[in-house]
Amino acid sequence: MNTLRARREAEIATLFRDEGVQRAMELHGTPLLLLEPGRVRAQYRRLRAALPFAEVYYAVKALDHTAVIDTLAQEGCGFDVASIEELDRVRARGVPVDRTLFTHPVKKPAEIAEAWDRGVQLFVADNPVELDKLAASAPTAQVLLRLSYPNPEAKSDLSAKFGIEPSQTRALIGHAMRRGLHVVGFSFHVGSQLDAPRRFADAVGRTLELMDELEATTDVRFEVLDVGGGFPVAYDAPVTSVEEIADAIRPLLAPRAGRLRILVEPGRLLAAEAMSLVTSVTGRAERGGRRWVYVDDGVYGAYSNVVAEDVHPMILPAPGPLVARARLAPTTVAGPTCDSADIVARDVPLPPLSVGDLLVSPAMGAYTIVTATTFNGRVATPIAVVAEPADVSPEARDDAAPVRMLSTAAS
Ligand SMILES: Cc1ncc(COP(=O)(O)O)c(C=O)c1O
């Protein structure tokens with residue numbers, strides 16, 4: 001925990017030394033999200049190195065910012081989209097449609113027709129009605145059947161709403177074939193923020209067994225296995241690394257990779273650590289003998305992940321004299337709306353703070369601004385994009401543009 005805290009403090013200190021970041025804060029004030037596409041790139045490369053045979057499809061829902069899409073597109077990444085809007089967002093950045101995959105298991109009929117019309121070939125389904133809709137609007141589509149993998153160990157169990165049991169697969173494949181659809185394989189999601197490599201391995205192993213059994217007993221031949229996302233991120237405690245999770249599943253997947261396309265759909269892993277949230281203290285109080293501070297972003301804003309996902313990002317004082325003279329005491333950090341539920345965290349070790357002091361939360365890139373609301377009339381927290389070190393040519397420095405300011409998450 002302390003090592004993680006020290007690492008995060010060092011990362012934030014580096015970020016705050018960036019002249020562009022200083023200028024962005026002067027220009028925008030707070031709250032402000034600082035997005036580092038270079039860290040998205042680094043995470044993508046780590047994943048590719050750990051699972052070299054896998055095709056990566058970034059789950060756009062985690063953070064749909066154009067700088068993230070552009071960075072991953074440059075790297076050759078694919079995109080997992082959950083709506084026609086996400087598909088169009090990715091296409092608008094010049095991504096060829098054959099690098100997209102429509103993974104929502106229940107789509108509006110019009111969305112299927114529009115996605116097919118734009119050239120999407122590969123869709124996910126998990127029920128006969130969806131297959132009928134696909135057959136009607138995307139007549140020769142390739143289909144991945146989504147398997148259920150209930151998992152109480154994950155922060156978000158993504159099998160509560162979607163997915164079928166292995167015992168249902170045979171009938172569903174038959175249904176798809178009768179409709180002229182081509183079932184090319186299976187997808188599953190082990191649950192998001194899953195810090196348990198053996199669960200990843202278990203899900204992969206069971207799915208491969210199922211595929212073997214179906215191939216041995218029917219005419220079907222599979223071409224694709226999509227192992228979903230779920231890789232964890234160190235919010236308030238260390239987690240298993242992507243390399244360790246890859247070590248757990250590589251022995252199962254590598255021997256199949258010659259014949260099967262192996263897909264992986266990470267969202268959080270690529271986006272979370274790439275964005276930090278800077279807030280200001282707007283007020284301070286003693287309540288019940290405890291220290292409270294109020295800040296200008298909260299659980300109805302960029303800290304939406306605290307409530308929606310039950311993750312707990314660190315809240316650190318911004319680098320500067322406060323950190324140096326820190327006498328830390330447990331502090332409740334509350335958001336800006338009038339709602340009592342708008343409490344970001346309790347018992348955060350913080351120094352005595354004054355109105356105007358800055359706080360920073362690292363690892364705020366995934367499922368934060370995309371799930372924020374405008375409750376109490378608050379606008380979306382702006383995002384400033386921090387240039388990658390390699391981007392900062394001497395001219396760019398003179399030109400004072402290492403940071404490109406983008407006004408909202410929709411940029
Ligand atoms: C179908 C699908 N794929 C991938 C993801 C990304 O998951 P994660 O952010 O845990 O990697 C999600 C998240 O909701 C999902 O629903």
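Just so you know, all these numbers are worked out from the coordinates, no wet-lab data involved. This structure is a prediction, so every number in the text was calculated from the model and none was measured. Heads up, the Cβs are rebuilt from the backbone with ideal geometry, glycines too, and the neighbour counts pull from every protein chain shown.
Structure values in brief
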| quantity | calculated |
| --- | --- |
| Max mean-square fluctuation residue, GNM over the chain, Cα-Cα springs under 10 Å, options Val204, Val344, Val129 | Val129 |
| Lys, Arg +1 and Asp, Glu -1 on Cβ, resulting dipole of the range 28-164 about Cα centre, debye, nearest 20 | 360 |
| Rounded to the nearest 20 debye, dipole of the chain from Cβ charges on Lys, Arg, Asp, Glu | 400 |
| Cβ crowding within 10 Å averaged over residues, with 370-378, 214-222, 105-113 ranked highest first | 105-113, 370-378, 214-222 |
| Kirkwood hydrodynamic radius of the range 144-262, Cα pairs, Å | 15.0 |
| Relative compactness, the range 38-271, computed as alpha-carbon Rg over 2.2 N^0.38 Å | 0.96 |
| Principal-axis tilt of helix 66-75 within the chain, Cα atoms, nearest 10 degrees | 50 |
| DSSP bridge orientation in the chain - percent antiparallel, rounded to nearest 5 | 45 |
| Max mean-square fluctuation residue, GNM over the chain, Cα-Cα springs under 10 Å, options Leu252, Leu316, Leu63 | Leu252 |
| DSSP-defined antiparallel bridges as percent of all bridges, the range 38-271, nearest 5 | 5 |
| Using a Förster distance of 51 Å, the FRET efficiency for Arg178-Asn376 (Cβ separation, nearest 0.05) | 0.45 |
| Rounded if a/c under 1.5, otherwise prolate or oblate - the range 85-159, Cα gyration tensor axes | oblate |
| Sequence-separation-based contact order of the range 38-271, relative, with Cα cut under 8 Å and 6+ spacing, percent | 22 |
| Amide H contacts under 5 Å for Tyr294, placed H, 5+ residues apart | Thr282, Gly283, Arg284, Ala334 |
| Selection from Phe123, Ala113, Ala318 lying farthest towards where the dipole of the chain points positive, charges on Cβ | Ala318 |
| Size descriptor, Kirkwood hydrodynamic radius, that averages inverse alpha-carbon separations across the chain, Å | 22.5 |
| In order through the range 9-26: 3J(HN,Hα) via Karplus (6.51 cos²θ - 1.76 cosθ + 1.60), integer Hz, x for Gly, Pro | 5, 5, 5, 5, 4, 5, 4, 6, 6, 5, 4, x, 5, 4, 5, 4, 6, 5 |
| Test item: Cα-centred dipole of the range 38-271, Lys/Arg +1 and Asp/Glu -1 on Cβ, debye | 320 |
| Using θ = phi - 60° and Karplus 6.51 cos²θ - 1.76 cosθ + 1.60, couplings along the range 131-136 (whole Hz; Gly, Pro as x) | 5, 5, 5, 4, 4, 6 |
| Ordering of 348-354, 260-266 by packing [mean C-beta count within 10 Å, highest first] | 260-266, 348-354 |
| For the chain, built as a Gaussian network whose Cα springs stay under 10 Å, the top-fluctuating residue of Arg45, Arg170, Arg287 | Arg287 |
| Net +/- balance of residues flanking Met364 in space, Cβ distance below 13 Å, scoring K and R +1, D and E -1 | -3 |
| Helix-only CD estimate at 222 nm, as mean residue ellipticity for the chain, using -39500 (n - 2.57) per DSSP H run (n ≥ 4) | -10000 deg cm²/dmol |
| The chain, relative contact order [Cα under 8 Å, separation at least 6], % | 20 |
| Relative frequency of Cα-Cα separations exceeding 21 Å in the range 160-228, percent | 27 |
| Proximal aspartates and glutamates relative to Lys155, as straight alpha-carbon distance under 15 Å, when same-chain residues fewer than 8 apart are discounted | Asp195, Asp236, Glu309, Asp310 |
| Positive-end extreme of charge dipole, the range 38-271 - chosen from Ile245, Ala216, Gly267 (charges on Cβ) | Gly267 |
| Net charge, Val299 excluded, C-beta distance under 12 Å - Lys, Arg +1, Asp, Glu -1 | -4 |
| Neighbour net charge for Thr218 - beta-carbon separation under 13 angstrom, K R +1, D E -1 | -2 |
